[in-house]
Amino acid sequence: MSRPLVVVTATTEIIRGALRARLNAAYVEALEGAGLVPLATAPLVDPAAAVELVQRVDGLVLSGGEDVDPRHYGSARHPAAQEPHPARDSWELALVAAARAQQLPVLAICRGFQVLNVALGGTLVQDIPSEHETSINHAASGRRNERVHGVDVQPGSRLAALLGATSIAVNSSHHQSIANAAPTLRVTARATDGIIESGESVDGGWWAVGVQWHPEELVGSAESWDRDLFAAFATQVRSHANRVCRVPRPGRRVAS
Ligand code: MN
């Protein structure tokens, strides 16, 4: 049986004088390790392509990266917020809308969690250090796989069930976070300073889970939490693949 395909979003960035598509390899490795075949896509111009793509795959991973343009949630840009990436914002917002329409499983990581929240009607904290009193440095500059702060997970949530834990520790590489959660997004975890660290869809049976930390950097650690998160996503992806009956492409012979 063939392994299911999942889209993982890449960004574009000027590197050595040329605009290039870029994705941290840790996402690819974590998804392959969970038994999936990841397909990295840089932003496309035509939002209709998001629908076409989502119809051909069985999962979507929204990766980390730039700050979302605050105009997408009706705010002016804070001085500490980064220069927006309009093409990436538009493309990923279109992907979330398409994924929701198709009930495609979504794993949303860091910026991806913020995109998911904004796409569903929520808002963001634009700069934690200037907007939230805390002793935690959420933009830790150390090793990306270092667990630097605690997270309390809400009992009874999907996240608590799949982790098998309500108290974990995570890495942290963000200066923004969810402010108001979207109406169909339930907050399921907070850092010990109150910053929202996870949320999940309560929109019917749609499996969409967002985390503010970087589980893809932690799948090799002694604790099983982050491997369990990717494994739970892979289970949903396989279930979607079994549920969706795709019409064979014209001209392709189908074994009887
Ligand atoms: Mn954090």
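Every read-out reported here was derived from the displayed coordinates using simple, explicitly stated rules and does not represent laboratory data. Computed from a predicted model, the values in this text were never measured in an experiment. Here Cβ is always computed from backbone atoms with ideal geometry, including for glycine, and neighbour counts include all displayed protein chains.
The table below lists the values:
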| read-out | value |
| --- | --- |
| Rotationally averaged projected area of the chain (alpha carbon convex hull; nm²) | 15.1 nm² |
| Three-way shape label, the stretch 28-150, alpha-carbon gyration tensor, a/c 1.5 | oblate |
| Projected label distance in nm at Ala101 and Asp193, using a 7 Å step from Cα toward the beta-carbon | 4.0 nm |
| Global form of the stretch 149-256, assessed from the alpha-carbon gyration tensor, a/c cut-off 1.5 | prolate |
| Order of Arg143, Arg22, Arg238, Arg111 - criterion: other Cβ atoms within 10 Å of each residue's Cβ, fewest first | Arg143, Arg22, Arg238, Arg111 |
| Potential lengthening between Ala87 and Ala165 on full extension [0.36 nm per residue; Cα-Cα distance subtracted] | 24.3 nm |
| Rounded, prolate or oblate (a/c below 1.5 giving rounded, otherwise prolate when a/b exceeds b/c) for the stretch 9-60 by Cα gyration tensor | oblate |
| Net lengthening on full extension, Arg243/Ala49 (0.36 nm per residue, minus Cα-Cα) | 67.6 nm |
| Exposure proxy ranking, count of Cβ atoms within 10 Å, fewest first, for Tyr27, Tyr73 | Tyr73, Tyr27 |
| Positive-end residue, the stretch 56-175 charge dipole about Cα centroid, Cβ charges, pick of Gly164, Pro86, Tyr73 | Gly164 |
| Relative contact order of the chain, defined on C-alpha pairs under 8 angstrom at six or more residues apart (%) | 19 percent |
| Ascending count of other beta-carbon atoms within 10 Å, so fewest first, for His138, His175 | His175, His138 |
